[in-house]
1. Can you pull out the residues in region A:215-230 that are assigned to a helix (DSSP H, G or I), more than 8 Å from chain B (Cβ to nearest Cβ) and not small (Gly, Ala, Ser)?
2. Would you be able to say whether some residue in region A:79-100 is surrounded by 21 or more Cβ atoms within 10 Å (Cβ to Cβ), touching a residue at least 60 places away in the same chain (Cβ under 8 Å) and closer than 22 Å to A:Leu232 by Cβ?
3. Tell me which residues, restricted to region B:57-111, are closer than 23 Å to B:Leu156 by Cα and outside any helix (DSSP H, G or I).
4. Condition check: in a loop (DSSP other than H, G, I, E, B) and touching a residue at least 40 places away in the same chain (Cβ under 8 Å). Does A:Thr212 satisfy that?
5. Please list, ordered by first then second residue, the pairs with beta carbon atoms under 9 Å, 6 or more apart or interchain, first in region B:30-43 and within 20 Å of B:Ser72 (Cα to Cα) and away from chain A (no Cβ under 14 Å), second within 13 Å of DNA strand D (Cβ to nearest atom) and at pLDDT below 70.
6. Can you tell me which of (1) more than 14 Å from every other protein chain (Cβ to nearest Cβ); (2) more than 16 Å from DNA strand C (Cβ to nearest atom); (3) hydrophobic (A, V, I, L, M, F, W, C) is the one A:Phe122 doesn't meet?
7. Could you check region B:144-199 and list, in sequence order, the residues that are β-branched (Val, Ile, Thr) and either outside any helix (DSSP H, G or I) or facing another protein chain (nearest Cβ under 8 Å) (or both)?
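The values are calculated or read from the model by the stated rules, or taken from the named source; none is laboratory data. Please read all numbers here as calculations on a predicted model, not as lab measurements. Virtual Cβ from ideal backbone geometry, glycine too; neighbours counted across all protein chains shown.
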Number of protein chains: 2
Amino acid sequence: MAKNESVKSAGAGGDEASDGAVSWREQAVARSLDSARTRAENRVQRFLDAALELMNDGDTSDFTVQEVVERSGQSLRSFYQYFGGKHELLLALFEESIRAGVEEVAEKIAQEPDETARLRRFVIDYYLRCRPGPKSKRRGTTTHDPVIIEFAQQLLTEHPAEASRAFAPLVDLFEEVLNDAAEAGAIRSGLATRSVAGTVLEVVMFNAFSSTIGGMPIKQDATDAAEELWDLLLNGLVAR
Amino acid sequence: MAKNESVKSAGAGGDEASDGAVSWREQAVARSLDSARTRAENRVQRFLDAALELMNDGDTSDFTVQEVVERSGQSLRSFYQYFGGKHELLLALFEESIRAGVEEVAEKIAQEPDETARLRRFVIDYYLRCRPGPKSKRRGTTTHDPVIIEFAQQLLTEHPAEASRAFAPLVDLFEEVLNDAAEAGAIRSGLATRSVAGTVLEVVMFNAFSSTIGGMPIKQDATDAAEELWDLLLNGLVAR
DNA sequence: CGAAGACGGTAACGAAGTTCTCGCCCTCGG
DNA sequence: CCGAGGGCGAGAACTTCGTTACCGTCTTCG
């Protein structure tokens, strides 16, 4: 019962030769890129990967610290050596999720022709990203895990400082898009873009997360809902 | 250790003669209006009151079932006889909170001169109501307790059906206001008011609850934030 | 009067996060 | 080469909280 674990190297699901002869290879790799910093990073990454797998696999999309520990083939001891608690693990996952989201959305909007289209694209794409996938994952679009968004809500109310720090990259990008749109005359120019960016993102994120309060029967396709929200955000309630 | 509890009758913090001579009076009252239905209602109400007190008193604004039981001077046994679990207690508090909110907002908007003013009044008032009071309660406006709103979020994602049922009175009222405004030409007439009502209320509620994502320094007064959001909702982002 | 049900008091259970103890092994400095 | 210390695995233990179970009492109703 000493060395049954297979390292499952960081980024992708690496599948190495089955069980028996792993130790030497692993050891070698470890020794080569181990300046004790990278080793730590490797361990941290294994916890993160395990958590991600648990969120994607299980029907529950929720996980306990124990499960993460088992799945990662490490120990509770180590977990609390690298993370201050479950809270920090969630925070790390959240930040990573934001980073990935920013990257993906940035690519998407880059393909749009003008400022208005980019703005619209941002809102709709991010809406879809925050929408919990009811069945098998929507193809073509990565989505935030529900657990992550739930955590975001909690973080926002309990540790606003940490929260806005984690959200910063996303808000930065959106603020930029807003500024461009304002300069191009696509949206009005009076508004405080930073503040509006935060507000709009919150609206998109949480409205996508928990479908609206009014008891919609089965509600239309997510895309329609996204369009509806976009229309409301762009044009407001007022009569033209 | 048999009869130290003082009943603390339902509505207000009733302070009766200290400890010794309570039983008889209490008994009398109980016997008088006890058809076993009212007695149950009385007990339920005592739990609800206890929970409300705990939310308003403590610095935590959070409570455990134990605390509610102790505070209400009843027993765990009874608690689980009347409530299926903490969940149901929260739900009851939530529904009551919504009811009270609807009542209060209805009064407020009735005083406004025209449809647009009523709409605006609704949004701003409800925003303030959902804004957690950072220090001593804001005078003049009752507010939803943070715990309640947090529960609302959770309910919305875990039991959408129950959630929209609980929210219904509020959505009904707002939908009505929206319809009136649309009829009067104050807002555009094309939109699905039920759906929009839900969306807007969600926006107002959750944006007020957890101040915006963008790392606002100390942020202005709640009223200013409410105005900002109202402006965004009414006019949208678009240039006129 | 006697049985049934409501109720209080308290212990106990189970899940989950967190901490602690023990012991192994590897590494590093003398 | 050897001894100390730190990283680490394996659990046990502790804590909080919701929930359930058990026991004894009191009221009530047939």
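1. Residues of region A:215-230 that are assigned to a helix (DSSP H, G or I), as a first pass: A:222-230.
Restricting the remaining residues to those that are more than 8 Å from chain B (Cβ to nearest Cβ) gives A:222-227, A:230.
The answer is A:Thr223, A:Asp224, A:Glu227, A:Trp230.
2. no
3. B:Ser61, B:Asp62, B:Phe63, B:Thr64, B:Phe83, B:Gly84, B:Gly85
4. Details: in a loop (DSSP other than H, G, I, E, B): yes; touching a residue at least 40 places away in the same chain (Cβ under 8 Å): no.
Criteria not met by A:Thr212.
5. From region B:30-43, the pairs are B:Arg39/B:Ala30; B:Arg39/B:Leu33; B:Asn42/B:Ala30; B:Asn42/B:Leu33; B:Asn42/B:Asp34.
6. In the conditions (1) more than 14 Å from every other protein chain (Cβ to nearest Cβ); (2) more than 16 Å from DNA strand C (Cβ to nearest atom); (3) hydrophobic (A, V, I, L, M, F, W, C), A:Phe122 misses (1) alone.
7. So in region B:144-199, the residues β-branched (Val, Ile, Thr) come out as B:147-149, B:157, B:171, B:177, B:187, B:193, B:196, B:199.
If the condition is that a residue be β-branched (Val, Ile, Thr) and either outside any helix (DSSP H, G or I) or facing another protein chain (nearest Cβ under 8 Å) (or both), then B:Thr157, B:Val171, B:Ile187, B:Val196, B:Thr199 are the ones that fit.
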